[in-house]
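These notes are about the structure you will find just below.
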Amino acid sequence: MLYVVGIVCLLSLLVISLLIKGLGGAVSALIMYAQTFNRTVQDLDNRVILNVGGIRFETYKNTLRKIPATRLSRLTESLANYDPVLNEYFFDRHPGVFAQILNYYRTGKLHYPTNVCGPLFEEELEFWGLDANQVEPCCWMTYTCHRDTQQTLAILDTLDIDSDKLTGEELARKFGHEEDYLSGRMSCWQKIKPKIWLLFDEPYSSNAAKIY
């Protein structure tokens, strides 16, 4: 369709130029328009539309080839997630994280979005075929803090805390987290806090607590 419109415009310009400027002016105008039209077509052919979680992103194919051996560097129209009608690729992934991932292709710098948790960010990077170790130094501490939290939880889980003393619901109620506990929305800190309390304030709750 684009080519048809371009040809029609080209012929129209030729007729107008012949009437106004004569043959010489028409040829010059024709060459100039043909060059502009060719650049426009090349630009459109190089563009790619990515629909991620319902949010449309537009970039260039050359941009996606900057990081080889990744999912985005291997896009072809034969993939099942390519829609020829909309001329876009659809990915049912997190659009907020993808904004940072696409920026990584553009700038070569991978930043961590602070509005998502670390494990989710790692899952998205793994899906797109990117290395988490490429996160910029300015974001590294914020990004890796979830690993420290997970390690702390793992250590506390090995302390043999006696769950017969207080149930999980009773502990949550004691610390004012009952609603979050029942709805399954307990944060990492809400899970750690009761275990730390048992460790220091209940000397018979576990072998580790007896040592303290």
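Couple of notes before you dig in:
- The residue of the range 145-188 that is modelled with the lowest pLDDT, among those that are under 30 Å from Tyr112 (Cα atoms) and charged (D, E, K, R), is Asp157.
- Every test in (1) modelled with pLDDT under 75; (2) touching a strand residue (DSSP E or B) at 6+ places or on another chain (Cβ under 6 Å); (3) polar (S, T, N, Q) is passed by Gln134 save one, and that test is (1).
- The number of residues in the range 114-131 that are surrounded by 14 or more Cβ atoms within 10 Å (Cβ to Cβ) and farther than 16 Å from Arg93 by Cβ comes to 1.
- Where helices (runs of 4 or more DSSP H) fall entirely within the range 1-95, those with at least 1 residues that are on the phi > 0 side of the Ramachandran plot and either at pLDDT below 60 or surrounded by 12 or more Cβ atoms within 10 Å (Cβ to Cβ) (or both) are at 22-46.
- Scope the range 132-144; condition exposed (fewer than 12 other Cβ atoms within 10 Å of the Cβ) and closer than 13 Å to Thr114 by Cα; matching residues: Cys138, Met141
- Close Cβ contacts (under 6 Å, 6 or more residues apart or on different chains) running from residues in the range 127-144 that are part of a strand (DSSP E or B) to residues that are among the hydrophobic types (A, V, I, L, M, F, W, C) and surrounded by 13 or more Cβ atoms within 10 Å (Cβ to Cβ) comprise Val135/Leu110.
- Failed criterion for Tyr204 (all others in (1) surrounded by fewer than 14 Cβ atoms within 10 Å (Cβ to Cβ); (2) modelled with pLDDT of 75 or more; (3) in a loop (DSSP other than H, G, I, E, B) hold): (2)
The values are calculated or read from the model by the stated rules, or taken from the named source; none is laboratory data. What you see is a predicted model, and the numbers here were worked out from it, not measured in a lab. Please note: Cβ atoms are built from the backbone with ideal geometry, for glycine as well, and neighbour counts cover all protein chains shown.
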